[in-house]
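Chemist: So that we are looking at the same thing, I have put the structure below in structure tokens.
The values are calculated or read from the model by the stated rules, or taken from the named source; none is laboratory data. Everything numeric in this text was worked out from a predicted model, so none of it was measured. Methodologically, a virtual Cβ is constructed for each residue, glycine included, from the backbone with ideal geometry; neighbour enumeration extends over all protein chains shown. The area values use the complete protein model at the heavy-atom level, side chains included, leaving out ligands, DNA and RNA. Shrake-Rupley method; radii C 1.70, N 1.55, O 1.52, S 1.80 Å.
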Amino acid sequence: MTKSKFQLVGSLLRPQNLLDYKDQIQDRDDITYPFYKDFEGYQEVETKAIAQIIQDQIDHKIDVLTDGEFSKSMWHLDFIWGLAGIERFIADHGYSFKDFDGDHFETRKDIGIRIVAPLSGKNHHFIDIFKEVKAQDQGNDVKTTVWSVAHAFTELSVFNGLYGEDQVYKTKEELKAGLINAYKEFLTEYKAAGGEIVQFDDCLWELFDSSNKDSFFAEGNVDLVGLAQEFVTVNNEIIDFGHEIGLKIWTHNCRGNYESRHASGGTYQAIAEKFLGEQHYDRFFLEWDDERAGELSALNVLAEKDQVEVVLGLLSSKTNTLDDADRVLHYLEKASTIIPKERLFLSHQCGFASCDSGNNLTVDEQWKKIDQGQEIAAEFFGNN
């Protein structure tokens, strides 16, 4: 499994004929996921685009394939939209990001979630997409990227308050149990369909850095220690379940990625003991493309975990220029004094299109950056 030392996080820039459909989704809440019945011709265009992006990945020597996340509108919410019991709507505001000049930037607004019935992960559309990719994998591995259960739980409970006497779930604990059960149902069916790798994506870890001025929890005097423990415990329940049924469970962490913008700061040193040291993942994709990540010494908590692999996101998917190869090689060399080379990999800090709109570069520039990643990995690790 996983022969190449260069890895893709998951998402890739969508072609324009697919975006012509997808651009309409964010302005409509009278439509139903996966939206095929709402837009004539959409499914056919998506299917052809997925087939092409699978072949493109293979042509560029990627050996852990995704659908490029072409079947998604956003990196996270599509999974929740696919659960039974969920209703989406256009909210008053989008997510808050940092604009290029440091000012406030607001994302698309179709992020509203209602729970209208008990949650279930059975018969999820992601299984259909997995089968579609698996049928075209040409002997390569396939991974499915899913919103981490703890991040989803935090958004549904802390940010959206989707429990109470007038809700489907009367208490926070009931909501947690319902969500965890839905994730287990999904993983069970994913394994039965032939799935081997799930990557849980997560953007909240650094917000538990108490010194992080961008923390969503900083102003409310929330018990960060208690909430962090709950977060890790929830994730580990799903990770452990995945291991029990024979899945490899990976994670990707970053600080947000929307049209080349980020959402927050926060270092790995501040949260390493809890979020790197205590979570049971097999492989960590970590964002390390700029100084916000802090020192590589954070990796020390993983040094003795012989079965855990680390993918350093030293390259940037947010720029349209090639990365500084000398910097990447320097960091890889430094990291290899902490984590043995055989457990290290290289990637970009995040995908190229965490949401449909994608980052600020062209498709050609994207592939040049991917090819550069392969070249740097070959130089450092040797041809594999």
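Chemist: Taking 0.36 nm per residue of separation and subtracting the Cα-Cα distance, what length does fully extending D30 through T319 add?
Modeler: Between D30 and T319, full extension yields 100.5 nm more.
Chemist: Please identify the longest segment of the chain free of exposed trypsin sites (Lys or Arg not before Pro), where exposed means a DSSP state other than H, G, I, E or B and no more than 11 other Cβ atoms within 10 Å.
Modeler: Longest stretch, sites excluded: 38-212.
Chemist: Using modelled amide H (1.01 Å from N, peptide plane; none on Pro or chain starts), what sits under 5 Å from the amide H of F345, excluding residues fewer than 5 places away?
Modeler: Under 5 Å from the amide H of F345 lie the amide H atoms of V310, V311, L312, each far enough along the sequence or on another chain.
Chemist: State, to one decimal in nm², a quarter of the convex hull surface area for the C-alpha atoms of segment 98-157, i.e. the direction-averaged projected area.
Modeler: For the Cα atoms of segment 98-157, the hull's average projected area reads 7.4 nm².
Chemist: If you don't mind, another one. Can you compute the FRET efficiency between D223 and N17 using 1/(1 + (r/R0)^6), with r the Cβ-Cβ distance and R0 = 56 Å? Round to the nearest 0.05.
Modeler: The calculated FRET efficiency here is 0.70.
Chemist: Now for a separate question. Is the C-alpha gyration tensor of segment 212-349 telling us rounded, prolate or oblate? Criteria: a/c under 1.5 is rounded; beyond that, a/b larger than b/c is prolate, otherwise oblate.
Modeler: oblate
Chemist: Rounded to the nearest 0.05, what FRET efficiency is calculated for T362 and E244 with R0 set to 41 Å and r the Cβ-Cβ distance?
Modeler: So, using R0 = 41 Å, E works out to roughly 0.40.
Chemist: Rg and Dmax of segment 152-240, using alpha carbons, in Å: what are they?
Modeler: Cα radius of gyration and Dmax of segment 152-240 are 14.9, 45 Å respectively.
Chemist: Within segment 184-325, what percent of beta bridges assigned by DSSP are antiparallel, to the nearest 5?
Modeler: Here the share of antiparallel DSSP bridges comes out near 5 percent.
Chemist: What translational diffusion coefficient, in µm²/s and rounded to a whole number, does the Stokes-Einstein relation yield for the chain at 10 °C and a viscosity of 1.306 mPa s, taking the hydrodynamic radius as the Kirkwood radius over Cα pairs?
Modeler: 75
Chemist: OK, next. Assuming 0.36 nm per residue, please report the length gained on full extension of the stretch S297 to H125 beyond their Cα-Cα distance.
Modeler: 57.9 nm is the gain from fully extending S297 to H125.
Chemist: Using only the Cα atoms of segment 1-98, construct the convex hull and provide its projected area averaged over every direction, in square nanometres to one decimal.
Modeler: Over all viewing directions, segment 1-98 projects a mean Cα-hull area of 8.5 nm².
Chemist: Under the rule of at least 5 residues apart or a separate chain, name every residue whose amide H is placed under 5 Å from the amide H of H252.
Modeler: F200, D201, D202, F285
Chemist: Here's another thing I want to ask about it. Find the eigenvalues of the gyration tensor of the Cα atoms of segment 123-173, then list the square roots of 5 times those eigenvalues as equivalent ellipsoid semi-axes, largest first, in whole angstrom.
Modeler: Ellipsoid semi-axes (Å, largest first): 35, 12, 6.
Chemist: If you don't mind, another one. Working only with C-alpha atoms, what are the Rg and Dmax values of segment 75-181, expressed in angstrom?
Modeler: Considering segment 75-181 through its Cα atoms, Rg and Dmax are 16.4, 51 Å.
Chemist: Given the Cα-Cα distance of R114 and A177 and 0.36 nm per residue of separation, how much length would full extension add, in nm?
Modeler: 21.0 nm
Chemist: What is the distance in Å between the Cα centres of segment 1-80 and segment 338-384?
Modeler: Cα centres, segment 1-80 to segment 338-384: 19 Å.
Chemist: In Å and whole numbers, how far do the C-alpha atoms of segment 283-384 stretch along each principal axis, longest first?
Modeler: 40, 28, 23
Chemist: Something else: Net charge near Y268: determine it from the other residues with C-beta under 10 Å of the C-beta of Y268, scoring Lys and Arg +1 and Asp and Glu -1.
Modeler: -3
Chemist: I've got another one for you. Kindly work out what percent of the DSSP beta bridges joining two residues of the chain are antiparallel, to the nearest 5.
Modeler: Of those bridges, close to 25 percent are antiparallel.
Chemist: Right, here's the next one. Restricting to DSSP loop positions (anything but H, G, I, E, B) with no more than 10 other Cβ atoms inside 10 Å of their own Cβ, which GluC sites (Glu not before Pro) remain in segment 288-375?
Modeler: E304
Chemist: Using θ = phi - 60° and the Karplus relation 6.51 cos²θ - 1.76 cosθ + 1.60, list the HN-Hα couplings for segment 168-185 in order, rounded to whole Hz, with x at every Gly or Pro.
Modeler: 4, 9, 7, 10, 4, 5, 5, 4, 4, 5, x, 5, 4, 4, 5, 4, 5, 4
Chemist: Just the number, please: carbon plus sulfur as a percent of the accessible area of the chain, 1.4 Å probe, no ligands or DNA/RNA counted.
Modeler: Carbon and sulfur together cover 47 percent of it.
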